[in-house]
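Written out below as structure tokens is the structure these notes cover.
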Amino acid sequence: MTTKSPQVTKKPSVISTTTPAPASVPVAAPAPEQIITTLKVTATGYTAGYESTGKTAKHPQYGITYSGVKVRRDKNTVSTIAADPKILPLGSVLYIPGYGYAVVADTGSAIKGRKIDLYFSTTKQVYKEWGKKTVVVQLIKRGKGKCTEVMLKNLSQAIETYNTVPQSLLEEVI
């Protein structure tokens, strides 16, 4: 009587040639009751540099958004983005899966309709962390047409403290 030894199959190792997935965003998504609506948008990335804005670092408006605030990218709190103000007015607060919380602070000549442009510090980050994606964003506060440094500071502090945006802040400060 011969006994067969059990066959062991190895899973083939997979080598990915695609762009690695972005690092997880450390902030918590908004509570379901905070979401006003969701929008399916095309999201691209931009920088403050010449390739995105036509401005060099010597330009007095370099890194300054249409609303007058400085561009910022902070995965732990809030970042600035550009959107069509007819769709998402300045000051609108969004949660973007894979990017985090963002405030509409900028517009762009190519940003019309359901397109948004996410701010990154470098073009390398744009391509490595984002590229161009279709994504469903969550609107948690519709803006009133302005965005200020005070709004961004208050929102950043709240997210840093609570890891999300407290409803009371959305109702009072922004």
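Below is a table of values for the structure above.
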| quantity | calculated |
| --- | --- |
| Selection status of E129, assigned to a helix (DSSP H, G or I), touching a residue at least 40 places away in the same chain (Cβ under 8 Å) and open to solvent by 70 Å² or more (accessible area, probe 1.4 Å) | no |
| Residue that is most open to solvent (accessible area, probe 1.4 Å), among those in region 82-115 that are more than 14 Å from the chain's Cα centre (by Cα) and free of Cβ contacts under 8 Å to residues at least 40 places away in the same chain | K86 |
| In region 142-174, the residues that are touching a Leu at 6+ places or on another chain (Cβ under 6 Å) and surrounded by fewer than 20 Cβ atoms within 10 Å (Cβ to Cβ) | G145, K146 |
| Per-region count, region 132-141, residues surrounded by 13 or more Cβ atoms within 10 Å (Cβ to Cβ) and either at pLDDT below 95 or not hydrophobic (A, V, I, L, M, F, W, C) (or both) | 3 |
| Scope region 72-81; condition open to solvent by 20 Å² or more (accessible area, probe 1.4 Å) and in contact with a Ser or Thr (Cβ under 6 Å, 6 or more places away or on another chain); matching residues | R72, R73 |
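The values are calculated or read from the model by the stated rules, or taken from the named source; none is laboratory data. Remember, it's a predicted structure, so these values are computed and weren't measured experimentally. Glycine gets a Cβ as well: all are built from the backbone with ideal geometry, and neighbour counts include every protein chain shown. In case anyone asks, the SASA skips ligands and DNA or RNA and just uses the protein heavy atoms, side chains included. Shrake-Rupley method; radii C 1.70, N 1.55, O 1.52, S 1.80 Å.
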